[in-house]
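A short worksheet on the structure shown next.
The values are calculated or read from the model by the stated rules, or taken from the named source; none is laboratory data. Every value quoted in this text rests on a predicted model; they were computed, and no experiment measured them. Cβ: placed from backbone, ideal geometry, glycine included. Neighbour counts: every protein chain shown. Heads up: the accessible areas ignore ligands, DNA and RNA and are worked out on the full protein's heavy atoms, side chains in. Shrake-Rupley method; radii C 1.70, N 1.55, O 1.52, S 1.80 Å.
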Amino acid sequence: MLRRRLLAALAVPAMAALAAFAPLGAQAQNTFPTRSITVLVPFAAGGPTDTVTRLVAEVMGRDLGQPMVVENVGGAGGTLGAARVAQAKPDGYYLLLHHIGMGTTPSLYRRLSYDAVNGFEPVGLVTEVPMTIIARKDIPANNLQELVALIRKEGTGLNYAHAGVGAASHLCGLLLQTAVGTQMTTVPYRGTGPAMTDLIGGTVDLMCDQTTNTTEHIRAGAVRAFAVTTPQRLPSLPDLPTTAEAGLPGMEVTVWHALYAPKGTPADVVNRLSRALQVALRDEKLVARFADLGTAPVAQERATPEAARAFWQADIAKWRPIIEAAGQYAD
Ligand code: ASP
């Protein structure tokens, strides 16, 4: 009798707990998000990662019914911002929109305060962006061949701007210097937004950056463009030759971007974010703006956690032997 009562007494709270638990799980799925979400860009405002993030965040916020606020935390090639998200509460309210640096960082930086290989739940890939080789508008070179000759002549007398070791602009600069066979003086910034301001002002000489930052400045004549780093010319900049056409075959690079949540974020939250990302990447205005900036959203099936994780991990594996063979580390 006593045993039966005890069992009954235990069963009631257990059932109540179960009953309470089931709707809670469903509730998280149905109600997330209940407040605004922050998306951290690990580079300064005004640069290409920032531009992509702001366009995507606006449409995602509409689909989620809550604003997505963009926060810029630049420095150390994007690792300062990435660390902040990796260490945040895994509840879906603090996200990271990063680029190819997620593939290079684990090999380039040997001492990090976060797990750069496993510390995130990918939400989905966003876009792959071409780069352009650009210089201050009064640089004494009219085409890529003349620029190459100038780099060989001036060497470290020329200042090459980038967004920190492991940033896309840094990698593109390494490719350029290797192709030309000459080192320049490199000048790190917290992002290529502020680097662009200095390039336009003529304080630095050269840069290589995503079209999402350079297109409008090239069209306005504020900087001089020499080549685009893709096998085909871009409809958005039809007069700009490819690196192969301009005399540096093999110098091809595009910059992939993806959205991440901290490791441990519940799958239903990650999936809800991924659905909102897919909606954003289908948005007509966003697609048109991306096209005007020389890029396009990834196909819908790539804006998923699985596709992003596979691509990210493959990129880490791709860069590791290259970086180890070069023996050049950021720390
Ligand atoms: N485009 C920059 C880079 O070099 C980063 C940025 O400012 O978005 O990676």
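One table, with the values for the structure above:
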| quantity | calculated |
| --- | --- |
| Per-region count, the range 216-229, residues touching a helix residue (DSSP H, G or I) at 6+ places or on another chain (Cβ under 8 Å) and farther than 25 Å from Thr185 by Cα | 0 |
| Total residues in the range 20-63, condition within 18 Å of Val123 (Cα to Cα) and at pLDDT 95 or above | 23 |
| Residue list for the range 74-87, filter: open to solvent by less than 20 Å² (accessible area, probe 1.4 Å) and either part of a helix (DSSP H, G or I) or away from the ligand (no atom under 12 Å from the Cβ) (or both) | Gly77, Gly78, Thr79, Gly81, Ala82, Ala83, Val85 |
| Residue tally, condition open to solvent by less than 10 Å² (accessible area, probe 1.4 Å) and over 20 Å from Trp319 (Cα atoms), over the range 127-147 | 8 |
| Boolean, Ala288 is free of Cβ contacts under 8 Å to residues at least 12 places away in the same chain and either in contact with a Pro (Cβ under 8 Å, 6 or more places away or on another chain) or part of a helix (DSSP H, G or I) (or both) | yes |
| Hits in the range 33-73 (condition: within 11 Å of the ligand (Cβ to nearest atom) and in a helix (DSSP H, G or I)) | Pro48, Thr49, Asp50, Thr51, Val52, Thr53 |
| Residue, farthest from the ligand (Cβ to nearest atom), within the range 173-195, restricted to residues that are in a helix (DSSP H, G or I) and of a type outside the set (A, V, I, L, M, F, W, C) | Thr178 |
